[in-house]
Amino acid sequence: MITPLSIAITVLTLGAALWALVKLIADRPVDLSRLAGKMLLGVLGVAEALTIVQTFAGFMLLVTDDREVSTLTFVLYLIGVPLIIPIATWWALGDRSRAGAGVLAVGLVAVPVMVLRMHELWSAGV
């Protein structure tokens with residue numbers, strides 16, 4: 001796996017999760033009519049783009065490298081990670097209560113956990 005890419009995804013998603021947690025504590029919904037909401041959406045967009053790049057890179061590494069990894073598990077992680085951010089964002093924008101920000105925070109914390117698990121799977125195949 002590409003470590004700098006994984007670190008960038010982790011930093012962006014944990015920063016956005018902290019941002020969503022502040023919104024949760026302040027009892028504010030994720031609102032795109034404000035500048036802060038647009039900036040959060042921009043950060044989420046960049047993080048999503050990086051997860052897509054990581055997915056393509058992971059598939060290429062899986063095809064070109066001769067490692068003994070749990071292929072099914074690794075592929076499911078590669079497919080699942082890019083799905084979390086859009087689903088959590090869609091939920092947060094649709095739910096105007098504080099639960100929307102909570103779902104976004106939980107989803108954004110799940111992304112680095114899954115990225116770390118992908119690294120563990122990839123490293124175990126050495």
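Descriptive notes on the structure:
- At R0 = 22 Å, FRET efficiency that the Cβ-Cβ distance of residue 35 and residue 99 yields, to 0.05: 0.40
- Comparing Cα centroids, region 97-126 and region 1-57 end up 12 angstrom apart.
- Extension gain for residue 66 to residue 117 (0.36 nm times residue separation, less C-alpha to C-alpha distance): 16.4 nm.
- Here the spin labels are modelled as points 7 Å beyond Cα on the Cα-Cβ line, and at residue 46 and residue 2 they lie 1.6 nm apart.
- A simple count of charges around residue 96, restricted to other residues whose Cβ falls under 14 Å of its Cβ and scoring Lys, Arg +1 and Asp, Glu -1, yields +1.
All of the numbers you see were taken from the coordinates with simple rules; none came from a lab. Everything numeric here is computed off the predicted structure, so don't read it as measured data. Neighbour counts are summed over all protein chains in view; Cβ atoms, including those assigned to glycine, are modelled from backbone coordinates with ideal geometry.
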